[in-house]
Amino acid sequence: NAGVTQTPKFRILKIGQSMTLQCAQDMNHNYMYWYRQDPGMGLKLIYYSVGAGITDKGEVPNGYNVSRSTTEDFPLRLELAAPSQTSVYFCASSPLAEVGDTQYFGPGTRLTVL
Amino acid sequence: DQQVKQNSPSLSVQEGRISILNCDYTNSMFDYFLWYKKYPAEGPTFLISISSIKDKNEDGRFTVFLNKSAKHLSLHIVPSQPGDSAVYFCAAMGAGSARQLTFGSGTQLTVLP
């Protein structure tokens, strides 16, 4: 059971480039989330999904897109990278079978936009 | 507008003593509160949680206290160990269908041997 996996671990992008951050979970969780963490700050929700084919915006969605074609995968797309998107990105999943079910996090992707 | 606040960026404690980490929130609709622990270059890992209908939850060395009237919660670690050195995030769970988490900015705990 690998849990939540994220690739790549590190990436440097030039302004205007595009990339997809991959996230996969093998726990059969319906709920998946993307967060970003800026230095000295807490995690902020970018997008989330309550199941395959269903996604919704979080607190900071601008500049990002997501898709959820399967239960396992929840990729995050950056179309035109900007320096403000330099951050550490965390993917998480949750079963939400009970009201207090926690979220399980991946190890993160550190992205630098120059 | 920070709905979850951790006002102490850092805390140092001697090994064996108690560590107390604090968290304040503003949104009365939060109904579940969680603490996550984060080591460098890793994702946050769940530590302990508390429902808004309780005022205390204990799990081994970790106890979380909730004061709803003050909109305040705290995490107590007794006794503190060097392996507890990490960033601790307080998070609050909303009532929405996806139970989104709102995080505080974290407190770096250092336990000195």
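The values are calculated or read from the model by the stated rules, or taken from the named source; none is laboratory data. Computed from a predicted model, the values in this text were never measured in an experiment. Neighbour counts run over all protein chains shown; Cβ positions are idealised from the backbone, glycine included.
Among the residues of region A:8-31, those that are modelled with pLDDT of 95 or more and surrounded by 18 or more Cβ atoms within 10 Å (Cβ to Cβ) comprise A:L13, A:L21, A:C23, A:A24, A:Q25. Filtering region A:1-12 to residues that are closer than 11 Å to A:R110 by Cα and not polar (S, T, N, Q) leaves A:P8, A:K9, A:F10, A:R11, A:I12.
Examine region A:16-34 for a residue that is of a type outside the set (V, I, T), under 20 Å from B:S105 (Cβ atoms) and within 13 Å of the chain's Cα centre (by Cα), and state whether such a residue exists.
Within region A:16-34, the first condition is being of a type outside the set (V, I, T), and the residues that meet it are A:16-19, A:21-34.
Filter once more, keeping what is under 20 Å from B:S105 (Cβ atoms): A:33-34.
In the following step, the residues that additionally are within 13 Å of the chain's Cα centre (by Cα) were identified as A:33-34.
Yes - at least one qualifying residue is present in region A:16-34.
B:S105 meets the conditions (1) in contact with an Asp or Glu (Cβ under 9 Å, 6 or more places away or on another chain); (2) touching a residue at least 24 places away in the same chain (Cβ under 8 Å) in every case but one. The failed one is (1). Screening B:T102, B:T110 for residues that are of a type in the set (S, T, N, Q) and at the interface with another protein chain (Cβ under 10 Å from one of its Cβ atoms) leaves exactly one candidate, B:T102.
May I ask you to say which residue of A:T70, A:T112 is polar (S, T, N, Q), more than 10 Å from chain B (Cβ to nearest Cβ), in a loop (DSSP other than H, G, I, E, B) and farther than 23 Å from B:T45 by Cβ?
Answer to the check: A:T70.
Against the numbered list (1) basic (K, R); (2) closer than 20 Å to B:M29 by Cβ; (3) touching a Phe, Trp or Tyr at 6+ places or on another chain (Cβ under 9 Å); (4) away from chain A (no Cβ under 14 Å), B:K56 comes up short only at (2).
Select the strands (runs of 3 or more DSSP E) contained entirely in region B:1-110, then report the ones holding at least 3 residues which are more than 26 Å from A:S87 (Cα to Cα). So that I can check it myself, show each step before the final result.
Numbers: elements: B:10-14, B:19-25, B:32-38, B:45-51, B:56-59, B:62-67, B:72-77, B:86-93, B:101-103.
Result: B:10-14, B:45-51, B:56-59, B:62-67, B:72-77.
In the set (1) buried (at least 18 other Cβ atoms within 10 Å of the Cβ); (2) touching a residue at least 40 places away in the same chain (Cβ under 8 Å), B:Q2 fails one condition alone, (1).
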